[in-house]
1. Over the Cα atoms of the range 5-66, how large are the radius of gyration and the largest Cα-Cα distance (Dmax), in Å?
2. Where does each of 400-411, 332-343 land if you order them by average Cβ count within 10 Å, highest first?
3. Between residue 275 and residue 200, with labels modelled 7 Å along Cα→Cβ, what's the label distance in nm to one decimal, could you check?
4. Residue 97 to residue 343: FRET efficiency via 1/(1 + (r/R0)^6), r the Cβ-Cβ distance, R0 45 Å, to the nearest 0.05?
5. Please compute the contact order of the range 56-105 in relative form: average sequence separation of alpha-carbon pairs under 8 Å and at least six residues apart, divided by the residue count, as a percent.
6. Tell me, in nm to one decimal, what length is gained between residue 55 and residue 16 on full extension, where the rule is 0.36 nm per residue of separation less the Cα-Cα distance?
7. Stretched out fully, how many nm does the piece from residue 46 to residue 29 gain, at 0.36 nm a residue minus the Cα gap?
8. For Cα pairs less than 8 Å apart in space and 6+ apart in sequence, what is the mean separation divided by the residue count of the range 5-66, i.e. the relative contact order in percent?
């Protein structure tokens, strides 16, 4: 049987663990594994919408027969429909343990790593009211998030994971959009343009102080200099972040993340401290400036034009422009790997969720500097990359996890490698 089949019989099971995507996992009486949306370890559930394939199935919770001791009441009335948070019903301490397990499992099973000790995970100081960046959607006079597994919009008035200043911006956008919709409805009938029918996305960004900013995105991208920007503070560095530039979401852990990375780059145990670095996927300088401030010079490569503009501006305003050369473009196209890697004794990379491109990974394996600090937001792609790198002369020295995404299954990791 290669396709899926629906099972109309009522099935129940005990959930034993969590999948990396956030679903609960249990087994049917015939041994087949089932991924159950919104189910938690310890739950005994009656299944709804069970779809079976040859070796596994997917289902929803039809009714909760017995609740997990880690099950808590979600803070948000939209939980379960909104496509944002998946774990508001899971006790925060249990979230941390699950994420530690996801990372350890990926590194051992996919990455082939022998972890000598339990991975430390840094908790968010607050599991709610932490997000400094949100992407919302305007549709039919309301603002909200995409629903789970759908393009439809779930209208949101309050989002408990947003920083208070971001919630204020959401309130203002929601009110303005409702007024505009009411004015269109009350006015004379007019032909609706394609632009008015189109879904408009909004990027909300909060800075270190002052009001958050909101920028509409109609073509999913912004040119450098368009939209407003905020200023954030990372280990004393003042960084401009434009609406279209990447920003680590958890403002409560900005300093901890930057300090963790800097400590690994300049570990006091090194016989010879690094003198020159090369940074891939540098962004706005979130990790660049704190490192350069301690006297290490280097090269920072970034492909997104708004982030490049922010990076150059931040280096200049911080008095570090003469210490860091900025290269604009895709890493795999703009980096002269053999030459630039040979000139550096430290490599720092914070790639997108997809991890290192094959060409980049191959170049690091062949020519990478003696120390490599890798920041990752996806345990599976991190493990894949580490498997190749540790098979090419690098040794994994340490891994630290940070919970930048409470109420979700996502976890950030900082891995440090050295050539043997």
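Every number in this text was worked out from the coordinates using simple rules, so none of it is lab data. All values reported here derive from a predicted model rather than from experimental measurement. All Cβ positions, even for glycine, are placed from backbone atoms using ideal geometry, and neighbour counts span all protein chains on display.
1. Calculated on Cα positions, Rg and Dmax stand at 10.1, 28 Å.
2. 400-411, 332-343
3. According to this spin-label approximation, the distance is 5.5 nm.
4. Working: r = 43 Å, r/R0 = 0.95.
In this case the efficiency is close to 0.60.
5. Relative contact order here is 30 percent.
6. 12.3 nm
7. Here the segment from residue 46 to residue 29 would lengthen by 4.8 nm.
8. The normalised contact order for the range 5-66 reaches 33 percent.
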